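The values are calculated or read from the model by the stated rules, or taken from the named source; none is laboratory data. Note that the structure is predicted; figures quoted are calculated from it, not measured. So basically every Cβ, Gly included, is an ideal-geometry build from the backbone, and we count neighbours across all protein chains shown.
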Amino acid sequence: MTISLIARDLRESATLKMNERVAIMRAKGDPVIHLGGGEPKSLPPLDALTAAAGLLNSGEVRYTAAYGTPDMKAAIIRYTHDQYGYRPTLGMVMASGGAKQAIMCALQAILNPQDEVIFPSPYWVSYPEMVKMCGAVPVPAKPMDGGLIPTISDITMRMSSNTKAIMINSPNNPSGAIYPEKFIKDVVALCEKEGIYLIMDDIYNRLVFGGKRVTNPIACASDFGSDNCKMIVINGVSKVYAMTGFRIGWAIANPKLIEVMAIIQSHQTSGPSGLLQKAAIAAINGTQSCVDNLVMTLENNANVMVRRLGAFDGVKVTPPDGTFYCFADFSTYNKDSTKLAEFLLNKVMVCTVPGVEFGMEGFLRLSTCGTSKEIIEGIERMKWALDPNSPNELIIGQRKMVRDWL
Ligand SMILES: Cc1ncc(COP(=O)(O)O)c(C=O)c1O
């Protein structure tokens, strides 16, 4: 079988692969604790479910405009005004099949083969592959100080005559870090000065802890929305409303670019599902207490996780500012994060995601989406497996695990 050069070069999504492994193990009856996931356990808002059920019952589920229904665009405009203090015009909005598709359409609209896209490490697993799918070149920018927060010189030192775009995700998947205001302002200024695109992936921007604030990129831009503005702001309902399976996200950018992105989307999927747009509209327009509840749960879980990880002698972890994740340095135990994640899954049935998939070897990404009980037990199991002073046996469910390693 021959496949395209681009397809040959693509890697499977590490996070989706882990989900699949867990599903198979659980189907066999293995009591796996899944600390690898990236979706809340809470249900979507009732408003969203009722709205979608109403449309489904009517049977009137049809094609919609490629960039979304008028109601969907109106809801996104309202959302953007509420969250960013900026009211985009109708022409600046495109709804998509998740934030992922909105990013992909943006990349396809702006990249030529060999163009380069810079994004800080650690990064979301899909960024490199999405750039490669456009025939372009991903350029991860690992902070020079070895930490999780990039500086503007980490970005500028990777710039070349081929740099077409910079992609920023803050708060960040996987580190949970909010990037400093100065960094965001510097990146916006850099992109404006150099005439390069800036994709702001804001999918986690409401999931922040302790009253912390995420810098509003739109407020940093000198001409957001003008035909010359090259900033694209991405958001969606997946994370904030626990609506991952509904696959609704969006992009806000200058109308000319949105027009091109909508043409691309029209030939890919004809646009997001009308049924699921209906649900997303209801979530956006409905009561927002579900978001506060989710933030409270995530913050509590993150505190539990950081405290428990603190009981590991060799593990270094920076408390996350937001998101669903703790990104912890386990390199004292094993510098190869793939082998370590594999070991933990095989020996104590705890699923984590190897840091190497996010561009940071030696780390593991641990999800705070589950219950605090799962987090506590998951970390206890990991500690038992990794600490050479652990007792020889551990009972997991009905099984007696015996340490036959280390
Ligand atoms: C940083 C980041 N951006 C975008 C997405 C995609 O979101 P959606 O489910 O809306 O496609 C994810 C999902 O994991 C993510 O972590």
Just give me the residues in segment 129-151 being in contact (Cβ under 8 Å) with a residue 60 or more places away in the chain, out of contact with any Leu (no Cβ under 6 Å at 6 or more places or on another chain) and within 16 Å of the ligand (Cβ to nearest atom), in sequence order. 133, 140, 148
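Look at residue 327 and say whether it is in a helix (DSSP H, G or I) and either within 23 Å of the chain's Cα centre (by Cα) or assigned by TED's automatic domain parsing to the domain that holds residue 10 (or both). So that I can check it myself, show each step before the final result.
Values: in a helix (DSSP H, G or I): no; either within 23 Å of the chain's Cα centre (by Cα) or assigned by TED's automatic domain parsing to the domain that holds residue 10 (or both): yes.
Taking the combined requirement at face value, the residue does not satisfy it.
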Sole residue being within 13 Å of the ligand (Cβ to nearest atom), more than 29 Å from residue 329 (Cα to Cα), within 17 Å of the chain's Cα centre (by Cα) and touching a residue at least 12 places away in the same chain (Cβ under 8 Å), chosen from 177, 106: 106
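For residue 91, state whether it is within 13 Å of the ligand (Cβ to nearest atom) and over 23 Å from residue 5 (Cα atoms).
No, not satisfied.
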Any residue in segment 248-256 that is assigned by TED's automatic domain parsing to the domain that holds residue 63, under 24 Å from residue 19 (Cα atoms) and buried (at least 24 other Cβ atoms within 10 Å of the Cβ)? yes
Segment 55-111, residues that are more than 30 Å from residue 13 (Cβ to Cβ) and either touching a strand residue (DSSP E or B) at 6+ places or on another chain (Cβ under 8 Å) or of a type in the set (Val, Ile, Thr) (or both): 77, 88, 89
Say whether the condition of being in a strand (DSSP E or B), surrounded by 22 or more Cβ atoms within 10 Å (Cβ to Cβ), within 23 Å of the chain's Cα centre (by Cα) and aliphatic (A, V, I, L, M) is met by at least one residue in segment 142-163. no
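Suppose we filter 380, 374 for residues that are over 18 Å from residue 317 (Cα atoms) and either in contact (Cβ under 8 Å) with a residue 60 or more places away in the chain or of a type in the set (Asp, Glu) (or both); which single one remains? Break it down into steps so the answer makes sense when it comes.
Details: 380 fails: over 18 Å from residue 317 (Cα atoms).
The match here is 374.
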List the number of the failed condition for residue 320; all other conditions in (1) outside the structural domain of residue 221 (by TED's automatic domain parsing); (2) surrounded by fewer than 20 Cβ atoms within 10 Å (Cβ to Cβ); (3) assigned to a loop (DSSP other than H, G, I, E, B); (4) modelled with pLDDT of 95 or more hold. (2)
For segment 132-142, give me each residue that is within 26 Å of residue 182 (Cβ to Cβ) and in contact with a strand residue (DSSP E or B) (Cβ under 7 Å, 6 or more places away or on another chain). 138, 139, 140, 141
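Table: residues versus (1) within 16 Å of the ligand (Cβ to nearest atom); (2) within 30 Å of residue 282 (Cα to Cα).
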{"residue": "4", "(1), (2)": "no, no"}
{"residue": "9", "(1), (2)": "no, no"}
{"residue": "27", "(1), (2)": "no, no"}
{"residue": "38", "(1), (2)": "yes, yes"}
{"residue": "53", "(1), (2)": "no, yes"}
{"residue": "76", "(1), (2)": "yes, yes"}
{"residue": "82", "(1), (2)": "no, yes"}
Restricting segment 42-86 to residues that are of a type in the set (Ser, Thr, Tyr), assigned to a helix (DSSP H, G or I) and in contact (Cβ under 8 Å) with a residue 24 or more places away in the chain, the one farthest from residue 205 (Cα to Cα) turns out to be 50
Qualifying position, being surrounded by 21 or more Cβ atoms within 10 Å (Cβ to Cβ), of a type in the set (S, T, N, Q) and in contact (Cβ under 8 Å) with a residue 40 or more places away in the chain, among 126, 96: 96
Among (1) part of a strand (DSSP E or B); (2) modelled with pLDDT of 95 or more, there is one condition residue 401 misses while meeting the rest; what is its number? (2)
Could you check segment 215-241 and list, in sequence order, the residues that are more than 11 Å from the ligand (Cβ to nearest atom) and either without any contact (Cβ under 8 Å) to a residue 24 or more places away in the chain or in contact with a Cys (Cβ under 9 Å, 6 or more places away or on another chain) (or both)? 221, 222, 223, 230, 231
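Using the structure shown, decide if residue 95 is outside any helix (DSSP H, G or I), at pLDDT 95 or above, of a type outside the set (S, T, N, Q) and under 30 Å from residue 297 (Cα atoms).
Values: outside any helix (DSSP H, G or I): yes; at pLDDT 95 or above: yes; of a type outside the set (S, T, N, Q): yes; under 30 Å from residue 297 (Cα atoms): yes.
Here the answer is yes, as residue 95 does meet what is asked.
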When segment 1-56 is examined, which residues are found to be among the β-branched types (Val, Ile, Thr) and surrounded by fewer than 16 Cβ atoms within 10 Å (Cβ to Cβ)? 2, 3, 6, 24, 50
